[in-house]
Amino acid sequence: MSFLVAEILRGILILKRFNRYWIFPNRCDVFGKIFYTKLIMADDLIPDDVRRFILDKIDSIAELEGLLLFSRNPETEWNIEALAQRLYASQQQTSDVLTRLYLLGFLAVKEKESLTYYYQPGSPELRRMVDRVAEIYSKYLVPVTNLIHSKPQSKVQQFADAFKLRKREDT
């Protein structure tokens with residue numbers, strides 16, 4: 001096992017240049033031929049329009065996963081319970097996700113015995129952007145996830161947190 005690790009490490013030379021990292025494997029190394037790749041910083045991986053869209057519209061991974069689930073299954077109607085199971089999230093968090101996606105114009109609602117949501121973007125441009133986000137997310141999962149996690153808290157959450165009751169510390 002350690003021989004294998006040593007061979008992989010021996011076959012890879014990492015150079016830093018202009019804040020970008022290139023990995024140059026030894027051409028004779030079998031693993032080097034497989035893993036020959038250029039690593040680019042996350043800023044270069046996510047196009048500017050997709051980055052702006054994510055920063056403006058998506059506040060959590062659950063929102064992104066929910067939106068992409070709806071876009072992959074446009075004919076499917078989802079209620080809170082079913083979507084919560086699919087996203088591995090609580091019903092409260094799922095309800096918040098659905099409400100936000102509805103208010104942003106990604107979803108429509110049908111009122112049956114319970115509320116059901118289905119994918120219906122407000123415009124063709126919005127549909128195309130969701131498709132682009134899905135493509136970028138499938139290729140660059142970690143950079144997109146890091147982008148979402150690096151966002152400051154949403155303004156709504158900051159506003160709500162301002163009204164939380166806190167225990168007064170007596171000095």
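The values are calculated or read from the model by the stated rules, or taken from the named source; none is laboratory data. Every value quoted in this text rests on a predicted model; they were computed, and no experiment measured them. Don't worry about glycine lacking a Cβ; one is built from the backbone with ideal geometry, like all the others, and counts go over all protein chains shown.
Tell me the strands (runs of 3 or more DSSP E) entirely within region 18-129 that contain at least 3 residues that are more than 26 Å from Pro152 (Cα to Cα) and at pLDDT 95 or above.
Where strands (runs of 3 or more DSSP E) fall fully within region 18-129 and carry at least 3 residues being more than 26 Å from Pro152 (Cα to Cα) and at pLDDT 95 or above, they are 115-119.
Look at Arg86 and say whether it is surrounded by fewer than 16 Cβ atoms within 10 Å (Cβ to Cβ) and in contact with a strand residue (DSSP E or B) (Cβ under 9 Å, 6 or more places away or on another chain).
When the stated conditions are applied, Arg86 passes them.
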